[in-house]
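The values are calculated or read from the model by the stated rules, or taken from the named source; none is laboratory data. This structure is a prediction, so every number in the text was calculated from the model and none was measured. Cβ placement follows ideal geometry from the backbone for every residue including glycine, while neighbour counts extend to all protein chains displayed.
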Amino acid sequence: MARLRQSAAEWCFFQKQHRPETYYRRLAEIGFAGVEMVDPARWEAARGAGLELVNLSGPGMTDGFNRLERHAALLPEVRAAIARAAAGGVGQVIVFSGNRGALGLEEGRKNCVRALKELARTAEQARVTLAFEMLNSQDHPDYQADSAAYGFDVVRAVSSPRMRVLYDVYHMQVMGQDLLGTLLPNLELVSHIHVAGNPGRAFPGPDQEIDYRRLVAAVHAAGYRGCWGHEFLPARDSLEELEAAFRLFESCV
């Protein structure tokens, strides 16, 4: 039995030449627990292989909840995403702050909290978790929630068991964050972790700058049992690299 729960983000690894049934069966054989952001047309194939549908991505990455004028459009869209997730057995819906523009940090954060408090009630009833993701503002120019503090402050203010942080190690490394210093004290607020190497969202091996061996061991020892979601860009065959990444992470604990 695998020591860690690991998942694979669909947009990185599922390629046009893959037959869904073959691809998902191979992931399950390697030991993966789940897949992420899967096209609904392939949900049945993924479930048939015994894989968990970990999450789906909500709207509002650039024009998001940090702007009050976007709430009227975004709230029903995310409620619809929560309903789709609940009906399809998907555990989490990823949500975003949106871009900064001329908007102040505190105003944007308060606006996110206001919308997400409303949505948290819907998520609680549906038993779906909202996962607030911080992104780096270099790959995603002007994204407002580009620090760990922003995400954890929002989740604490919403104060719901169905409101959590999606902590992306790659994005926070790009922003120069103290990875273990921000993760470990806030681990109870984290529902999911994304991983990739830096620079270049590369394979998360020993030749890049993030010490995943130390990070995975410490976070696992602290009690994290959510998925480690691989979201790197493979340089060769995606299944070969996923298997190598899976084995590497298993060896960390």
Is it the case that the stretch 4-12 has a residue that's at pLDDT 95 or above, among the acidic types (Asp, Glu) and within 22 Å of VAL195 (Cβ to Cβ)? yes
Members of the stretch 217-249 found to be in contact (Cβ under 8 Å) with a residue 40 or more places away in the chain, outside any helix (DSSP H, G or I) and surrounded by fewer than 18 Cβ atoms within 10 Å (Cβ to Cβ), listed by number: ARG225, LEU233
State the number of residues belonging to the stretch 169-192 that are more than 23 Å from ALA126 (Cβ to Cβ), surrounded by fewer than 22 Cβ atoms within 10 Å (Cβ to Cβ) and not small (Gly, Ala, Ser). 12
Criterion (among the aromatic types (Phe, Trp, Tyr) and touching a helix residue (DSSP H, G or I) at 6+ places or on another chain (Cβ under 8 Å)) met by exactly one of PHE96, PHE65: PHE65
If you scan the stretch 149-169, which residues turn out to be out of contact with any strand residue (DSSP E or B) (no Cβ under 7 Å at 6 or more places or on another chain) and of a type outside the set (Val, Ile, Thr)? ALA149, TYR150, ASP153, ARG156, ALA157, SER159, SER160, PRO161
I need a count of the residues in the stretch 4-35 that are surrounded by 13 or more Cβ atoms within 10 Å (Cβ to Cβ), basic (Lys, Arg) and not in a helix (DSSP H, G or I). 1
Restricting to the stretch 187-233, what's the tally of residues that are under 19 Å from VAL154 (Cα atoms) and out of contact with any strand residue (DSSP E or B) (no Cβ under 7 Å at 6 or more places or on another chain)? 2
